[in-house]
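Visitor: Structure incoming, see below.
The values are calculated or read from the model by the stated rules, or taken from the named source; none is laboratory data. The structure displayed is predicted, hence computed values, not measured ones. Counting neighbours? That spans all protein chains shown, and the Cβs are built from the backbone with ideal geometry, glycine included.
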Amino acid sequence: MSNLMKAELFKLRRNKTFIVLMLFIFGLSTLLHSLIVTEWWYMTGTPFELTNLNELNALIFFTVPLFFNFIVSTLAGFFIATEFTQNNAIKNEMISGNKRSQIFIAKYCVFTVGAQITTIVLPLVSAIVVVKLVGTNDVLSAESLIYLGKSYSLFTIHFLSFTAIVLLFAIWTEDSGRTILFTLVLSIAMFLVEKFVTNELVKTIYEHTFFYQFTESFKYTMTDGEIVKSIIIGVVSFILIMLFGIVTFHKKEVK
Amino acid sequence: MTEYILRTNALTKKYKNDYALKNVDVTIKRGEIYGLIGQNGAGKTTMLRLITGLAFPTNGSIELFENNDRREMTAAHKRMGAIIENPALFPNMTAYENLEVQRLQRGIPGRECIEKALKLVGLEGTGKKKVKNFSLGMKQRLGLAIALLSDPEFIILDEPTNGLDPMGIVEMRELLKKLNREKGLTVLISSHILSELYQLATKFGIIHQGQLLEEISAGELNDKCRQYLRIKVDEPAKGVNVLEEKLSAHDFEILSDGTIKLYSYLDDVHLVSRTLTEHGLVIEHLSQNGDSLENYFTKLIGGVENE
């Protein structure tokens, strides 16, 4: 298993899409936060305002599925799906004498690390650096750190389920374009359910998905019960999607 | 006891209503070079995909290294190397980096094996050149290096000479023969180019429309495809003496009906005919016989298609 992880990390480090995404996200986050800190641009209505972290407002972009699905699906498309079609490199991995479940888990872990670096770590680090250098907010106060720690921990738990789904799309479709398209359609569908569906049953079901929990994770006031509920939703979703993914991958025939 | 590297039992693969492979029984012993011959679409690649676990059989079973337990099969794959269809390579990496990925995946300690594999296939000088800039022949060589990286006991090569120039084909053939001879590497190689396999394989499997028509050793195939003069004279014993004494021919067989099969003098039939007649023998029949490999294959396939 560790061999497979090392091989996946080796591939990720040399993946051009990953490098381009990292540069793009780092640049975008730095730019947005610089604009906010220098008061060239104003954003209001974000949960960061409530904790006096208004200079981190631009981070909200990177926590919205409609935005980050592009980052994650692009990485999945050009890191995972291409192995099934463009270069067929998956064949070597399949016949390397490793169990398929281990191959799936190794791919998932490294892909998720890549997705987390681009979606969570880089925007957050660049934002904190910009605010520390030019801003006035105390991003490293105990209160800020507790809020950011709680929010990003919950967000990360739900993000694990999201990357598992996107990985499944990449394996199913075996095509980078379709991986991006399917992920986008899923994100739009969830957005439409959240904004426009009034049916109580559908709403209740939606509120128990990790998609809804992405927004909930950044709520300033979360009770212990809500935090526990959020963790349970994240963990259960993650386990179910991963089991489904492993079974699917076990049955997959490679051309 | 003979050790079997691969045994398939009624191996079948069905896609919707079409059989890609039907009840195929193949046996490969340790040390053999098994040539799988068949036209495009005959089912060769399907069979190799089933053996390597890239696809799953609809029916039948596969035994690798005398083990058919599915969990053990995964471990058996560690003892194998393979190129199925095209070499599976990362185009944005160098040859060395491609091999490094394989080394890590297979958990091979030390990087010496990479240099060794590159040298073995003649790619040691490619340096920082990306694989996307390689010729097809170089990609095939790199594919072979990947398949050989873990020092396998059994290697599966699907049309490995595609894109290789004549010199490259000879080099690959010699390399496989050398590995077979020196390390006892067992090879399963598929091709639709008969002449190519003829010079390499020690056993052949002829596959057509998903069915294995025949398994034949190189010796048996040689006998079937060997050219000879079929001679029938009124006094077979005297005829044999004349051939031996006057033409110094020793490469012949006498069949039970007295027919002589002469494997030499194929280009000088007139000399044979004149010599026999000059010694008072009456020639009842004299003709050149035997199949070329292509003819033999065509007849075999034609026979099936006419059934």
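Visitor: With respect to the numbered conditions (1) crowded, with 16+ Cβ neighbours inside 10 Å; (2) in a helix (DSSP H, G or I); (3) among the aromatic types (F, W, Y); (4) modelled with pLDDT under 90, which one is the sole condition not fulfilled by A:F218?
Guide: Of (1) crowded, with 16+ Cβ neighbours inside 10 Å; (2) in a helix (DSSP H, G or I); (3) among the aromatic types (F, W, Y); (4) modelled with pLDDT under 90, only one is false for A:F218: (2).
Visitor: Please determine whether any residue of segment A:11-31 is surrounded by 15 or more Cβ atoms within 10 Å (Cβ to Cβ), hydrophobic (A, V, I, L, M, F, W, C), within 18 Å of A:L148 (Cα to Cα) and touching a residue at least 12 places away in the same chain (Cβ under 8 Å).
Guide: no
Visitor: Out of all the residues in segment B:85-96, which are at the interface with chain A (Cβ under 9 Å from one of its Cβ atoms) and either assigned to a helix (DSSP H, G or I) or in contact (Cβ under 8 Å) with a residue 40 or more places away in the chain (or both)?
Guide: B:E85, B:N86, B:P87, B:A88, B:L89, B:F90, B:P91, B:N92
Visitor: Condition (residue is of a type outside the set (D, E), more than 26 Å from B:I5 (Cα to Cα) and part of a loop (DSSP other than H, G, I, E, B)) applied to segment B:105-120: is it met by at least one residue?
Guide: Checked against the condition, which is being of a type outside the set (D, E), more than 26 Å from B:I5 (Cα to Cα) and part of a loop (DSSP other than H, G, I, E, B), segment B:105-120 yields at least one hit.
Visitor: Shifting gears a bit: Would you mind telling me which numbered condition in (1) surrounded by fewer than 17 Cβ atoms within 10 Å (Cβ to Cβ); (2) in contact (Cβ under 8 Å) with a residue 40 or more places away in the chain; (3) out of contact with any Leu (no Cβ under 9 Å at 6 or more places or on another chain) B:S287 fails?
Guide: With (1) surrounded by fewer than 17 Cβ atoms within 10 Å (Cβ to Cβ); (2) in contact (Cβ under 8 Å) with a residue 40 or more places away in the chain; (3) out of contact with any Leu (no Cβ under 9 Å at 6 or more places or on another chain) applied to B:S287, the lone miss is (3).
Visitor: Restricted to segment B:45-56, and to residues that are in contact (Cβ under 8 Å) with a residue 60 or more places away in the chain and within 21 Å of B:E153 (Cα to Cα), which residue is nearest to the other protein chains (Cβ to nearest Cβ)?
Guide: So, considering only residues that are in contact (Cβ under 8 Å) with a residue 60 or more places away in the chain and within 21 Å of B:E153 (Cα to Cα), the one nearest to the other protein chains (Cβ to nearest Cβ) is B:T52.
Visitor: Now for a different question. What are the residues in segment B:145-176 that are under 28 Å from B:G107 (Cα atoms), without any contact (Cβ under 8 Å) to a residue 40 or more places away in the chain and of a type outside the set (A, V, I, L, M, F, W, C), if any?
Guide: The answer is B:D151, and nothing else.
Visitor: Of the residues that make up segment B:283-292, is at least one modelled with pLDDT of 80 or more, more than 26 Å from the chain's Cα centre (by Cα) and assigned to a helix (DSSP H, G or I)?
Guide: No, that holds for no residue.
Yes or no, residue by residue, for (1) under 20 Å from A:E216 (Cα atoms); (2) modelled with pLDDT of 90 or more; (3) over 16 Å from the mean Cα position of the chain (by Cα); (4) of a type in the set (S, T, Y):
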residue	(1), (2), (3), (4)
A:E8	no, yes, yes, no
A:R14	no, yes, yes, no
A:I19	no, yes, yes, no
A:L28	no, yes, yes, no
A:T38	no, no, yes, yes
A:W41	no, no, yes, no
A:V64	yes, no, no, no
A:R100	no, yes, yes, no
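Visitor: Anything in segment B:57-72 that is in contact (Cβ under 8 Å) with a residue 24 or more places away in the chain and within 14 Å of another protein chain (Cβ to nearest Cβ)? List them, or say none.
Guide: B:P57, B:T58, B:I62, B:L64, B:F65
Visitor: Right, next: Just a yes or no: is a residue in segment B:130-143 touching a helix residue (DSSP H, G or I) at 6+ places or on another chain (Cβ under 6 Å), part of a loop (DSSP other than H, G, I, E, B) and not acidic (D, E)?
Guide: No.
Visitor: May I pose another question? Among the listed residues A:L66, A:L50, A:L56, which satisfies the condition of being over 25 Å from B:A88 (Cβ atoms) and buried (at least 23 other Cβ atoms within 10 Å of the Cβ)?
Guide: That would be A:L56, the only listed residue that is over 25 Å from B:A88 (Cβ atoms) and buried (at least 23 other Cβ atoms within 10 Å of the Cβ).
Visitor: Inspect segment A:75-98 for any residue being away from every other protein chain (no Cβ under 14 Å) and of a type outside the set (G, A, S) and give the result as yes or no.
Guide: Yes, some residue in segment A:75-98 is away from every other protein chain (no Cβ under 14 Å) and of a type outside the set (G, A, S).
Visitor: For B:I28, are the conditions met, namely being in a strand (DSSP E or B), over 22 Å from B:N180 (Cα atoms) and in contact with a Leu (Cβ under 7 Å, 6 or more places away or on another chain)? Give the derivation first.
Guide: Values: in a strand (DSSP E or B): yes; over 22 Å from B:N180 (Cα atoms): no; in contact with a Leu (Cβ under 7 Å, 6 or more places away or on another chain): yes.
No: the conditions fail for B:I28.
Visitor: Do we have any residue at all in segment B:225-248 that's closer than 30 Å to B:T202 by Cβ and part of a helix (DSSP H, G or I)?
Guide: If we filter segment B:225-248 for residues that are closer than 30 Å to B:T202 by Cβ, which is where we start, we get B:225-230.
Checking which are part of a helix (DSSP H, G or I) leaves us with B:225.
Within segment B:225-248, one or more residues are closer than 30 Å to B:T202 by Cβ and part of a helix (DSSP H, G or I).
Visitor: From (1) at the interface with chain A (Cβ under 10 Å from one of its Cβ atoms); (2) part of a loop (DSSP other than H, G, I, E, B); (3) of a type in the set (G, A, S); (4) within 22 Å of the chain's Cα centre (by Cα), pick out the condition that doesn't hold for B:A82.
Guide: Of the numbered conditions (1) at the interface with chain A (Cβ under 10 Å from one of its Cβ atoms); (2) part of a loop (DSSP other than H, G, I, E, B); (3) of a type in the set (G, A, S); (4) within 22 Å of the chain's Cα centre (by Cα), the odd one out for B:A82 is (2).
Visitor: I'd like the full set of residues that are within 14 Å of another protein chain (Cβ to nearest Cβ) and either crowded, with 22+ Cβ neighbours inside 10 Å or β-branched (V, I, T) (or both), limited to segment B:97-131.
Guide: Result: B:N98, B:L99, B:V101, B:Q102, B:R103, B:Q105, B:R106, B:I108, B:I114, B:A117, B:V131.
Visitor: Criterion first (of a type in the set (G, A, S) and either in contact (Cβ under 8 Å) with a residue 40 or more places away in the chain or not assigned by the TED database to the domain that holds B:K177 (or both)) does B:G81 satisfy it?
Guide: So B:G81 passes the test.
Visitor: Does segment A:225-255 hold any residues that are within 14 Å of chain B (Cβ to nearest Cβ) and surrounded by 15 or more Cβ atoms within 10 Å (Cβ to Cβ), and which are they?
Guide: Those that are within 14 Å of chain B (Cβ to nearest Cβ) and surrounded by 15 or more Cβ atoms within 10 Å (Cβ to Cβ): A:F249, A:K252, A:V254.
Visitor: Follow-up. Hey, could you check segment A:115-153 for residues that are touching an Asp or Glu at 6+ places or on another chain (Cβ under 9 Å) and at pLDDT 90 or above and say which is nearest to B:R70 (Cα to Cα)?
Guide: Taking the candidates together, the pick is A:A127.
Visitor: Is one or more of the residues making up segment A:225-232 among the acidic types (D, E), at pLDDT 90 or above, assigned to a helix (DSSP H, G or I) and more than 30 Å from B:I83 (Cα to Cα)?
Guide: yes
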